[in-house]
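K.L.:
This structure is in structure tokens; I'll ask about it shortly.
Every number here is computed from the coordinates shown, using simple stated rules; none is lab data. Just so you know, these numbers come straight off a predicted model, no measurement behind them. Heads up, the Cβs are rebuilt from the backbone with ideal geometry, glycines too, and the neighbour counts pull from every protein chain shown.
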Amino acid sequence: MSQPTQSRPHRVVIFTTPTCSWCKRAKAYLQGRGVRFKEVDVSRDMRAASDLVRRTGQMGVPVIEIDGRPIVGFDQRQVDRLLGLVRA
């Protein structure tokens, strides 16, 4: 008899800057739903900033990457969809 498989956690990375108000909102939203994430401050990490522009074509933040799929800006509906969250 096989055991049920557990779904793996999503890999979430949020690219931010310290002065970005939408970054703060996005982080608070994720934290409020118990989503673990890695934060990358692109104002301090030029390599990450360059890579982000190369991959998304955008210079703005936040960019929320979920399982390798970038979301430019804080699009709550898209975040919920990719994470499988249901808003009450």
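K.L.:
Would segment 39-88 count as rounded, prolate or oblate if I go by the C-alpha gyration tensor, calling it rounded below 1.5 in a/c and otherwise prolate when a/b exceeds b/c, oblate otherwise?
P.N.:
In terms of gyration-tensor shape, prolate.
K.L.:
Using a 10 Å cut-off around each Cβ, can you sort E39, E65 from fewest to most neighbouring Cβ atoms?
P.N.:
E39, E65
K.L.:
Would you mind ranking K24, K38 by Cβ crowding within 10 Å, fewest neighbours first?
P.N.:
The fewest-first ordering by Cβ neighbours comes to K38, K24.
K.L.:
Pick the calculated Kirkwood radius over Cα pairs in Å for this structure from [x] 13.1; [y] 13.7; [z] 14.5?
P.N.:
[y]
K.L.:
Taking neighbour counts of Cβ atoms within 10 Å as a proxy for exposure, in what order, fewest first, do V40, V61 appear?
P.N.:
If I rank by nearby Cβ atoms, fewest first, I get V40, V61.
K.L.:
Let me ask something additional. What does the charge add up to near F74, with Lys and Arg as +1, Asp and Glu as -1, over the other residues with Cβ less than 11 Å from its Cβ?
P.N.:
Once all neighbours under 11 Å are counted, the net charge is +3.
K.L.:
Points 7 angstrom from Cα along the Cβ direction at V86 and T19: gap in nanometres?
P.N.:
4.2 nm
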